[in-house]
Number of protein chains: 2
Amino acid sequence: MAEHSNIYELGLDRNPANFVQLTPLSFIERTASVYPDLQAVSYGEVRRSWAETYARTRRLASALVGRGIGKGDTVSVVAANIPEMFEAHFGVPMSGAVLNTINTRLDAEAIAFILDHAEAKVLLVDPEFSEVVDRAVKIAHRPEMLVVDIEDPSFEGGSRIGRLTYEDLLAEGDPDFAWSLPGSEWDAISLNYTSGTTGDPKGVVYHHRGAALNAMSNIMTWGMGQHSHYLWTLPMFHCNGWCFPWTIAANAGLCVCLRAVRPEPIFQLIRDEKVTHFCGAPIVLQMLVNAPDALKDFTHEVKVMTAGAPPPAAVIANMEAMGVEVTQVYGLTETYGPSVVSAWQSKWDGVDADQRSRLKARQGVRNIALDGLMVADPETLAPLPADGRTIGEIFMRGNNVMRGYLKNPTASAKAFKGGWFASGDLGVMHPDGYVEIKDRSKDIIISGGENISSVEVEDVLYRHPDVMEAAVVARPDEKWGETPCAFITVKPGRSLTAEEMTEFCRQHMARFKVPKTFIFDELPKTSTGKIQKFMLRDRAKALNS
Amino acid sequence: MAEHSNIYELGLDRNPANFVQLTPLSFIERTASVYPDLQAVSYGEVRRSWAETYARTRRLASALVGRGIGKGDTVSVVAANIPEMFEAHFGVPMSGAVLNTINTRLDAEAIAFILDHAEAKVLLVDPEFSEVVDRAVKIAHRPEMLVVDIEDPSFEGGSRIGRLTYEDLLAEGDPDFAWSLPGSEWDAISLNYTSGTTGDPKGVVYHHRGAALNAMSNIMTWGMGQHSHYLWTLPMFHCNGWCFPWTIAANAGLCVCLRAVRPEPIFQLIRDEKVTHFCGAPIVLQMLVNAPDALKDFTHEVKVMTAGAPPPAAVIANMEAMGVEVTQVYGLTETYGPSVVSAWQSKWDGVDADQRSRLKARQGVRNIALDGLMVADPETLAPLPADGRTIGEIFMRGNNVMRGYLKNPTASAKAFKGGWFASGDLGVMHPDGYVEIKDRSKDIIISGGENISSVEVEDVLYRHPDVMEAAVVARPDEKWGETPCAFITVKPGRSLTAEEMTEFCRQHMARFKVPKTFIFDELPKTSTGKIQKFMLRDRAKALNS
């Protein structure tokens, strides 16, 4: 029976009735059809239903097509988490074009680089960023690029720098525009530039299939019910908000927009808009924990996903004490945002709070869209022992791995190794299959030949009651090669000394891991709340000169 | 800008790191890896974890491959909802073969027809059905077919008819078998024969892609949390249990098996196994409603999906009074089971119980996997007005529409019309986009030139407090062409007369719709609980002779 005649290959081919390209655009079309008058978007005074929002996205697609934009073109956006940014996640790909959301904290040069590299044909601009974008447009070599001003009555300041407003553009479009599904689910849907601390940013290309699958995976990973209320504390420009614009459309939820990530509006919206889910970096969680108790007045169930850095155990414990269930996720721009989740096991239900936080601080296991996850030797790709100690590189494989880097075959080839995506992150696999990051390679401190995980040291620092934020980097040392150098922000009204912290660390970690240097200061951060360790490394290096 | 040079098509191709075939087999692999010691299966005394269940499915796949079974081969099963049936949903396709679950209520001739038509290479047999299957095997022309006896210590009776037992077969296999994902997500995963009341049954072919997407859609449509406990009141042989074996694997739930669908074990399992979800025909719901109140002792949240016939409003109201939330779904074998759902709208929350039941009795809207749903002219395919009155044929389109009928290109060609699947069901589209079935074409009664929906008349009959079950069919009539003829089963201890029912009907429907004939008797049913109207039609016809 080596060869079979296969009765299942006869006359059972694809046809338009039984094969449809997978795309998250189908989600908004279905939701607008099934729940037309259900509220879709909330932002200040703005309230729009799914029918209204869908009509606006169709207008946007129609207007773009009317202006000659289509498949393979790039439409860039520089915007906060406002309704127009949400709409662009649908309207732009409905036109056939690719959505390129740009990090709003970049300087004019970096934005200009992206506009040039992405060959942007259209640029939508939020007034909050009009000044820096205006400079970027002048630097960039895109004379034909159509610049469109988004207007926001609730924002004071900014100026018009484009040829027309976003509402003018929508007015050109047809609210009943008959857009098409992508010709192939492999077609590009979006382009996200990595924030790379060195070298030029790389443009990560997502496709419709991966976006649809990761958006659905968000629902299943989080056990999200239908009609969840999602608050935008995570920038939508960051990995397309981890695919949550498409997730909200899939589960017919409410998109609660938010311009400024501050505790007052966050807690107010959680209460008033009955927010059930939000995402954010650990630094956002830390900010909420440290907010005045009077603000924290909500009683319904709220869940938060956090990623971007391993959340300190104390932050997890404090969030949960506040009534917010914390799930850590992990991923990269290259994996559509979170593709790994620190899945809770019911067998752990009885563990104490400390153990609970430690378990939740591990990055975890595959989400349902990710096919493979391993910790392996970066050269041979041989999986390393799942012993919780052997450090290797984290590799992923699945439909939520990027197509590659735009116009950068060298970087793409380097990222894909032997059927896997090489994350560049270092970690261990625990015996139960959970991955734990032990640092980006550059975050490992090698002191006297011993590897020290800066994350591990930071985790201890965060347990001190007076520590607000902490980051540990390598400081060059003649004798030891490197020593750990800790940067700490002290909580308001508290004070700390290097002696106190040294003593605290000695009680909680091996002697060789205790930072030799403590510096008390504000920490520099990226727009996504990641502490900018490269700046701290420079400062640590400068201490020796 | 008519032609674009497309930067997104350069060097961004599929590779093994970023493209993986979609299949529900990935779900069990992931769940067994992430939750190895979580309970997967419960059946009588049997308790198995996900690791154990996955190892058994790998053994099954390995043993089948060892016996020369592979891609394009058919493995048939005749079994109740027992663990081995669940395992077959994974182990068989892991071998590359196609799973063919056969309706357990069929007679030997019909089973033999299926074995021959499917060219079955292996047949797994539950002892409950050994006698009829033994006869079928003798009728069929499959001398090489390997017959395997499933043993069930909790079942008394049956005899061994095969060459080895299921456990013998598993013992031949490797629990660590390195099975492969399908070569293409379009490959066949299962084969389900329609129960067609006339002519030979047709073999509906499902593929991996559709099975994965409909399984995920079940989670999202129902807002199922992770680790749901699913009770098997719906036959797994019926559209692969509406894809729920794969859904349970995807959400790492508990598969609560059940041989006999009776109220006592159902209520006992709901209580003891903390069942959160189950499915069943309206007749199953009616049976539960009519069970002694003493049995109904559970307090946790339970949800039921019902389909197969429009549930009478009274059944919905009574289930919900019992604390079980009812969602009606609709579909056909050709659409992987349910592809349409009577989605609840929060704007209806305030309606009274009667209106609530009526809303829930409509078949509804697309599930998230279905791309298109319309009520159209069966000839021209022109969509008909969404006025809730104009009757047309229901058409579907999407990734959860079958590949076609096995070895039946004529039937396949007839089913696919102009990019749509023709369901053969007649219905209306309401102004809010909800579809409501007004009967299979053969269930419409035409009396004096007026169309009478038998469903509509049945709905009224069910509202009578003494009616247990009801079915209405056409009775030939010289004057009127046809008249409605009602068959009614009266509740135990109650009695009814034709006069009483006529009076009741006159109060609740137009005079021309009131059945002219009432017959009080047991109703003949299919294995899936559908009332066999063709038998009632024969009886109605015989009344005139």
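The values are calculated or read from the model by the stated rules, or taken from the named source; none is laboratory data. Here the structure is a predicted model, which means the values were calculated and not measured. Cβ sites come from the backbone with ideal geometry, for glycine too, and all protein chains shown count toward neighbours.
For the reader, a short list of remarks on this structure follows.
- Subset of segment A:100-118 [touching a Ser or Thr at 6+ places or on another chain (Cβ under 6 Å) and within 12 Å of another protein chain (Cβ to nearest Cβ)]: A:100, A:118
Yes/no per residue for (1) touching a Gly at 6+ places or on another chain (Cβ under 8 Å); (2) surrounded by fewer than 24 Cβ atoms within 10 Å (Cβ to Cβ); (3) touching a residue at least 40 places away in the same chain (Cβ under 8 Å):
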residue: A:159; (1), (2), (3): no, yes, no
residue: A:165; (1), (2), (3): no, yes, no
residue: A:171; (1), (2), (3): no, yes, yes
residue: A:176; (1), (2), (3): no, yes, yes
residue: A:212; (1), (2), (3): no, no, yes
residue: A:223; (1), (2), (3): yes, yes, no
residue: A:227; (1), (2), (3): yes, yes, yes
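- Screening the candidates B:228, B:184, B:180 for the property of being out of contact with any Phe, Trp or Tyr (no Cβ under 8 Å at 6 or more places or on another chain), under 24 Å from residue B:413 (Cα atoms) and within 14 Å of chain A (Cβ to nearest Cβ) yields one hit, B:184.
- Summed over segment A:489-535, residues that are outside any loop (DSSP other than H, G, I, E, B) and over 27 Å from residue A:262 (Cβ atoms) total 16.
- Leading residue by the ranking (nearest to the other protein chains (Cβ to nearest Cβ)) among those in segment A:44-67 that are out of contact with any strand residue (DSSP E or B) (no Cβ under 8 Å at 6 or more places or on another chain) and not in a helix (DSSP H, G or I): A:46
- The lone criterion from (1) at negative phi; (2) in contact with a strand residue (DSSP E or B) (Cβ under 8 Å, 6 or more places away or on another chain); (3) free of Cβ contacts under 8 Å to residues at least 40 places away in the same chain left unmet by residue A:510 is number (2).
- Checking each residue in segment B:302-324 for being at pLDDT below 95 and closer than 16 Å to residue B:270 by Cα picks out B:319, B:320, B:322, B:323.
- Filtered by the rule that a residue be surrounded by 24 or more Cβ atoms within 10 Å (Cβ to Cβ) and out of contact with any Ser or Thr (no Cβ under 6 Å at 6 or more places or on another chain), segment B:57-72 gives B:57, B:58, B:60, B:63.
- Taking segment A:45-91 as the range and being over 11 Å from residue A:177 (Cα atoms) and polar (S, T, N, Q) as the test, the residues that pass are A:49, A:53, A:74, A:76, A:81.
- Selection within segment A:97-148 - under 29 Å from residue A:50 (Cα atoms), of a type in the set (Asp, Glu) and not in a helix (DSSP H, G or I): A:126
- Among the residues of segment A:187-210, those that are modelled with pLDDT of 95 or more and out of contact with any Gly (no Cβ under 9 Å at 6 or more places or on another chain) comprise A:190, A:203, A:206, A:207, A:208, A:209.
- Within segment B:133-156, restricting attention to residues that are touching a strand residue (DSSP E or B) at 6+ places or on another chain (Cβ under 7 Å) and among the acidic types (Asp, Glu), the residue that is surrounded by the fewest Cβ atoms within 10 Å (Cβ to Cβ) is B:151.
- The set of residues from segment A:252-271 being assigned to a loop (DSSP other than H, G, I, E, B) and either surrounded by fewer than 20 Cβ atoms within 10 Å (Cβ to Cβ) or at negative phi (or both) comprises A:253, A:257, A:259, A:260, A:261, A:262.
- Residue under evaluation residue A:219, criteria (1) of a type in the set (Val, Ile, Thr); (2) in a helix (DSSP H, G or I); (3) touching a strand residue (DSSP E or B) at 6+ places or on another chain (Cβ under 6 Å), criterion not met: (3)
- Whenever a residue of segment A:7-19 is facing another protein chain (nearest Cβ under 7 Å), its partners that are modelled with pLDDT of 95 or more and surrounded by fewer than 17 Cβ atoms within 10 Å (Cβ to Cβ), lying with C-beta atoms within less than 6 angstrom and at least six residues away or across chains, give the pairs A:16/B:419; A:17/B:419.
- Filtered residues of segment A:76-96 (kept if more than 22 Å from residue A:232 (Cα to Cα), within 14 Å of another protein chain (Cβ to nearest Cβ) and outside any loop (DSSP other than H, G, I, E, B)): none
- The set of residues in segment B:399-447 that are over 21 Å from residue B:362 (Cα atoms), assigned to a strand (DSSP E or B) and within 10 Å of another protein chain (Cβ to nearest Cβ) comprises B:404, B:405, B:416, B:417, B:420.
- Any hit, segment A:356-374, residues being within 14 Å of another protein chain (Cβ to nearest Cβ), part of a helix (DSSP H, G or I) and either touching a helix residue (DSSP H, G or I) at 6+ places or on another chain (Cβ under 7 Å) or at pLDDT 90 or above (or both): yes
- The listed residue being of a type in the set (Lys, Arg), in contact with an Asp or Glu (Cβ under 8 Å, 6 or more places away or on another chain) and in contact (Cβ under 8 Å) with a residue 12 or more places away in the chain, out of A:366, A:397: A:397
- From the list A:55, A:17, A:63, A:51, the lone residue that is in contact with a Phe, Trp or Tyr (Cβ under 7 Å, 6 or more places away or on another chain) and among the hydrophobic types (A, V, I, L, M, F, W, C) is A:17.
- The single condition among (1) under 20 Å from residue A:99 (Cα atoms); (2) of a type in the set (S, T, N, Q); (3) more than 14 Å from chain B (Cβ to nearest Cβ) that residue A:154 does not satisfy is (1).
- Out of A:473, A:467, one residue alone is free of Cβ contacts under 8 Å to residues at least 60 places away in the same chain and crowded, with 23+ Cβ neighbours inside 10 Å. It is A:467.
- So residue B:38, is it touching a strand residue (DSSP E or B) at 6+ places or on another chain (Cβ under 7 Å), facing chain A (nearest Cβ under 10 Å) and of a type in the set (A, V, I, L, M): yes
- Test: residue A:468 is more than 30 Å from residue A:192 (Cα to Cα), out of contact with any Ser or Thr (no Cβ under 7 Å at 6 or more places or on another chain) and aliphatic (A, V, I, L, M): no
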